[in-house]
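The values are calculated or read from the model by the stated rules, or taken from the named source; none is laboratory data. The model shown is predicted, which means the values in this text are computed figures rather than measured ones. Note that we place each Cβ from the backbone using ideal geometry, even for glycine, and neighbour counts take in every protein chain shown.
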Amino acid sequence: MKEVVSTAAAPAAVGPYSQAVKSGNTVYISGQLPLNPVTGQMPEAIPEQTHQSLTNIQSILKAAGTSLDKTLRVGIFMTDLAEFKAVNEVYLTFFTGVYPARSTVQVAALPLGAKIEIEAIAEL
């Protein structure tokens, strides 16, 4: 059985998808752009964009009844892998201990001109 997870503490979906879906003991979070859910604005620099995307994920996890420490996997999409070090520096402020599995790939473009988009899967 699927259950949609939605919160005003993260940006609304910009297309025909859910912020997240719970199924069994798992929550699947859609890719989060670095949009501030209150202002709709996107920071310019990659460290701030990374922080906002991870904050959005954190808010969705909370709405789903779980937290970052239960994250199993993270997928990161970047438009410039030269900024990988800056992303990791911010990432380390959100995740500690046993890190989730992760992949990071460079893509040609992201919606709304974002430099980064992050998705996650977590336990409930």
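The table that follows gives values for the structure above.
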| item | result |
| --- | --- |
| From Arg73, Arg102, residue being in contact with a helix residue (DSSP H, G or I) (Cβ under 9 Å, 6 or more places away or on another chain) and surrounded by fewer than 17 Cβ atoms within 10 Å (Cβ to Cβ) | Arg102 |
| Selected residue [of a type outside the set (A, V, I, L, M, F, W, C), farther than 21 Å from Ala109 by Cβ and in a helix (DSSP H, G or I)] from Thr55, Thr39 | Thr55 |
| Matching entry among Ile76, Ile60 (being within 17 Å of Tyr17 (Cβ to Cβ) and under 13 Å from the mean Cα position of the chain (by Cα)) | Ile60 |
| Restricting the range 78-98 to residues that are closer than 17 Å to His51 by Cα and either touching a Gly at 6+ places or on another chain (Cβ under 6 Å) or in a loop (DSSP other than H, G, I, E, B) (or both), the residue that is modelled with the lowest pLDDT | Thr96 |
| Every pair of residues 6+ apart whose Cβ atoms lie under 7 Å, when the first sits in the range 25-50 and is without any contact (Cβ under 8 Å) to a residue 12 or more places away in the chain and more than 19 Å from Ser67 (Cβ to Cβ) while the second is outside any loop (DSSP other than H, G, I, E, B) and not small (Gly, Ala, Ser) | Pro43/Gln49; Pro43/Gln52 |
| Residues that are touching a strand residue (DSSP E or B) at 6+ places or on another chain (Cβ under 8 Å), farther than 24 Å from Gly15 by Cβ and part of a loop (DSSP other than H, G, I, E, B), drawn from the range 99-124 | Pro100, Leu124 |
| Matching entry among Asn56, Asn36, Asn88 (being of a type in the set (S, T, N, Q), closer than 17 Å to Val14 by Cα and surrounded by fewer than 18 Cβ atoms within 10 Å (Cβ to Cβ)) | Asn36 |
| Residue satisfying all of: in the range 39-53; surrounded by 17 or more Cβ atoms within 10 Å (Cβ to Cβ) and among the β-branched types (Val, Ile, Thr); nearest to Gly15 (Cα to Cα) among these | Thr50 |
| From Thr71, Thr66, residue being of a type in the set (S, T, N, Q) and under 17 Å from Thr104 (Cα atoms) | Thr71 |
| Enumeration of residues in the range 113-124 that are surrounded by 13 or more Cβ atoms within 10 Å (Cβ to Cβ) and either under 15 Å from Ile46 (Cβ atoms) or of a type outside the set (A, V, I, L, M) (or both) | Ala114, Lys115, Ile116, Glu117, Ile118, Glu119, Glu123 |
